[in-house]
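Report on the structure given below.
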Amino acid sequence: LQNLPILGNGLDKLAKINNKRVVNILYDAFKHMNPRDILILDDSPKDLEYVRQMALRAGEETKLSKNGHTVHYDSYGDQARDKKNTKVLMKYQEKTNGINSIDYYKGLHEMMDIMNGIMKDKTMIVSFYSLGPENSIFTRPALQITDSYYVTHSEQMLYRQGFKEFQKLKDPNEFYYFWHSQGYVDDKKVSVNLDKRRIYIDPYENRVFSANNQYAGNSLACKKLALRLAINEANNSDWLTEHMFIAGYSPVNGKRTTYFAGAYPSACGKTSTAMIPGSKIVGDDIAYLRINEAGKMVGCNIEQGVFGIIGGVNPEDDPEIFSAIESERELIFSNICYDEKKEAFWKDCGKENMPKEGINHYGQWKEGMTDGENNKVPISHKNSRFTLRISDLKNADKENLHNPDGVVISGIFYGGRDPDTNYPVSESLSWEHGVLMGAIIESETTFATLEKKVSIKPSIMAIGDFLIVPKGKYLQNHLKFGKRLKKAGNCPKIFSTNYFLKNEKGYLNTKLDKKVWVLWAEGRVHGDYEAIATPTGSIPKYEDLKTLFAQVFDGRVYTRKEYEEQFSLRVKKYLNKIKRMRKLYDPKIEKDIPIELYHELDRIEIQLKKL
Ligand code: SPV
Ligand code: MN
């Protein structure tokens, strides 16, 4: 260790951690990636400030006009998750649900080749995080090695600092670790060797290697990379790792707070459901769920920040997020546009002075221009985003954000996106039916992956992209979890949502209508409303929604006609969906799907056909 080029008092920091595995990992990383020097970070404000400054100095971020605001650009072909080159290293022929896998040693070899000397002349930045609140049953420690100050800066905002956690690990070998390198960057400081972009997940050693990329979904250790490792861990144990937000809701003029977790594929309204005006936000992306000693389902946000889609965020549709983005505080934009005054703009931001030219995710941008493939370049990338700390939000749940016990979750939402099939909101008829609701989520489109085609795609519990264990195993784990909760008499209710029903004139709902659906679900948890049972789920009564619309939107009149159009049971469409789902869960291909889910599909089909 004495011979490594460790900067400043880095050796002292490592001595404080006093962990052999950490040292070995650093040594290995140094040997393979050959950086000029090594920067070890602790949780001190001084180190955090240094990273902020270096992200600017290295050109990975640019200052904008508002205090604390910066913008980062990813390479034009690197602005979303790369599914093709994300692979699970597999020692045996196991199923990975369409996620690519590669033979363990072949993959490791390829990765080591790609990462060999990749940090030449650069600084290797080492930082420590705690996924989940410190000192809690949820905590998963994580060690990040990267050569990107933007990645480190983002993680400092999005994750709880873990230097202290590493000083008191119960098991010194129990942590996730990550190697990341942005690889060679050009004068715009974006990754160039995209053909060598790889993200390889090693569930045996709880580690991930990621190279030649910058987009957070590919690069950030703690985000989707750790998610995959935690899914593997939870599904080999008795807890759940989910692609879920956690938020608390209170009835209009009511005092109680009821917590929900919700899984939605990208661009299906997840962040905006978590941040509905009046909500108390705990998390917007990833949750660990467990059953506590009292037999209740508890959840925590493994993050402490938001990496949210910014397109369509405007004062009318997303007032909470917009006001957070517009105020001066530490905030990183990615792949948006700025004008000569360094003001930030994005698609549908609702600002009046939209520029006709500026710098954006393409580079120098002019309205109407096309890229090399003749695609019109919009003002901002569809997957352009903002990064901020939850504690900076007005509606942050300050009391519970870092609660080591998590919050008791009373309800679950599964949200999809289709124009003509699922109700805006419905409640499952049982836990098993609820698990099916999650298992049959479909989404019309997503911007967070690089594929171009727009079609309706299944997205099992919105976690399909990350599910490195077989579907059957994952769904069995959910059913087992529910059985334990039922036994304890504390089974949360499960709801399905779809904010995107359309007719020939457009959407049947405004973006903020989801508050009514959420408050109806909140009331159902407490027995405030009756519901009408239908084969595909229980739906609200018109009168209750009428009252809720009037309460939430200051006397807004909700007509019976609107209700009937929104809540009509689209039998044919739903039967088609069932057909698609039977293919997805074809027992000839998928061996271990719980029988309960086939029973639910059969039940719905029989009941629908009788109508
Ligand atoms: C998502 O796509 O679900 C995201 C963004 O939260 S990413 O970090 O790309 O996964
Ligand atoms: Mn996500």
Out of F163, F175, F128, which single residue is buried (at least 22 other Cβ atoms within 10 Å of the Cβ) and within 18 Å of I38 (Cα to Cα)?
F128
Criterion: modelled with pLDDT of 95 or more, away from ligand 1 (no atom under 16 Å from the Cβ) and more than 30 Å from D187 (Cα to Cα) - qualifying residue of E340, E293, E357, E316
E293
I'd like the residue in the stretch 66-81 that is part of a loop (DSSP other than H, G, I, E, B) and under 27 Å from K376 (Cβ atoms) and, out of all such residues, is nearest to ligand 2 (Cβ to nearest atom).
A80
Could you identify the single residue in N375, N383 that is over 17 Å from P265 (Cα atoms) and either crowded, with 16+ Cβ neighbours inside 10 Å or modelled with pLDDT under 95 (or both)?
N375
Scanning the stretch 380-412 for residues that are away from ligand 1 (no atom under 15 Å from the Cβ) and hydrophobic (A, V, I, L, M, F, W, C), which turns out farthest from the chain's Cα centre (by Cα)?
V408
Assess whether A521 counts as being away from ligand 1 (no atom under 16 Å from the Cβ), hydrophobic (A, V, I, L, M, F, W, C) and surrounded by fewer than 16 Cβ atoms within 10 Å (Cβ to Cβ).
no
Here is a list: G363, G308, G350. Which entry is surrounded by fewer than 24 Cβ atoms within 10 Å (Cβ to Cβ), closer than 24 Å to L220 by Cα and out of contact with any strand residue (DSSP E or B) (no Cβ under 8 Å at 6 or more places or on another chain)?
G363
Counting just the residues of the stretch 229-249 that are of a type outside the set (F, W, Y) and within 21 Å of N498 (Cα to Cα), which one comes out farthest from ligand 1 (Cβ to nearest atom)?
G248
From the list N206, N232, N212, which residue is on the phi < 0 side of the Ramachandran plot, more than 13 Å from ligand 2 (Cβ to nearest atom) and either more than 12 Å from the chain's Cα centre (by Cα) or modelled with pLDDT of 95 or more (or both)?
N232
Looking at (1) among the β-branched types (V, I, T); (2) more than 16 Å from ligand 2 (Cβ to nearest atom); (3) surrounded by 18 or more Cβ atoms within 10 Å (Cβ to Cβ), which one does V408 not meet, given that it meets all the others?
(3)
Go through the residues of the stretch 176-199 one by one and say whether even a single one is within 16 Å of ligand 2 (Cβ to nearest atom), within 30 Å of D12 (Cβ to Cβ) and modelled with pLDDT of 95 or more.
no
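Rundown of residues vs (1) within 11 Å of ligand 1 (Cβ to nearest atom); (2) modelled with pLDDT of 95 or more; (3) assigned to a helix (DSSP H, G or I), yes/no style:
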residue: L227; (1), (2), (3): yes, yes, yes
residue: G262; (1), (2), (3): no, yes, no
residue: Y288; (1), (2), (3): no, yes, no
residue: G308; (1), (2), (3): yes, no, no
residue: G312; (1), (2), (3): no, no, no
Return the residue satisfying two criteria in turn: it lies in the stretch 536-555 and is in contact (Cβ under 8 Å) with a residue 12 or more places away in the chain and polar (S, T, N, Q), and of such residues it is nearest to I606 (Cα to Cα).
T536
Here the qualifying pairs (Cβ atoms under 8 Å; residues six or more apart or on different chains; first in the stretch 477-488 and assigned to a helix (DSSP H, G or I) and among the acidic types (D, E); second surrounded by fewer than 15 Cβ atoms within 10 Å (Cβ to Cβ) and modelled with pLDDT under 95) come out as none
More than 23 Å from A80 (Cβ to Cβ) and in contact with a Ser or Thr (Cβ under 7 Å, 6 or more places away or on another chain) - does that describe any residue in the stretch 506-515?
yes
Inside the stretch 111-152, can you point out the residues that are in a helix (DSSP H, G or I), within 22 Å of P5 (Cα to Cα) and not aromatic (F, W, Y)?
M112, M115, V151, T152
Is the stretch 266-286 home to any residue that is over 29 Å from K351 (Cα atoms), in contact with a Phe, Trp or Tyr (Cβ under 6 Å, 6 or more places away or on another chain) and surrounded by 22 or more Cβ atoms within 10 Å (Cβ to Cβ)?
no
Which helices (runs of 4 or more DSSP H) sit wholly inside the stretch 522-611 and have at least 3 residues that are at pLDDT 95 or above and aliphatic (A, V, I, L, M)?
542-552, 571-584, 595-610
Select from the stretch 264-281 the residues that are within 16 Å of ligand 1 (Cβ to nearest atom) and either part of a strand (DSSP E or B) or among the basic types (K, R) (or both) and list them in ascending order.
K270, I281
Looking at A274, A267 in this structure, which one is within 16 Å of ligand 2 (Cβ to nearest atom) and without any contact (Cβ under 8 Å) to a residue 40 or more places away in the chain?
A274
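Yes/no per residue for (1) in contact (Cβ under 8 Å) with a residue 60 or more places away in the chain; (2) over 15 Å from K83 (Cβ atoms):
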| residue | (1), (2) |
| --- | --- |
| L194 | yes, no |
| R197 | yes, no |
| N206 | no, yes |
| Q214 | yes, yes |
| L220 | yes, yes |
| K224 | yes, no |
| I231 | yes, yes |
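The values are calculated or read from the model by the stated rules, or taken from the named source; none is laboratory data. Just so you know, these numbers come straight off a predicted model, no measurement behind them. Cβ: placed from backbone, ideal geometry, glycine included. Neighbour counts: every protein chain shown.
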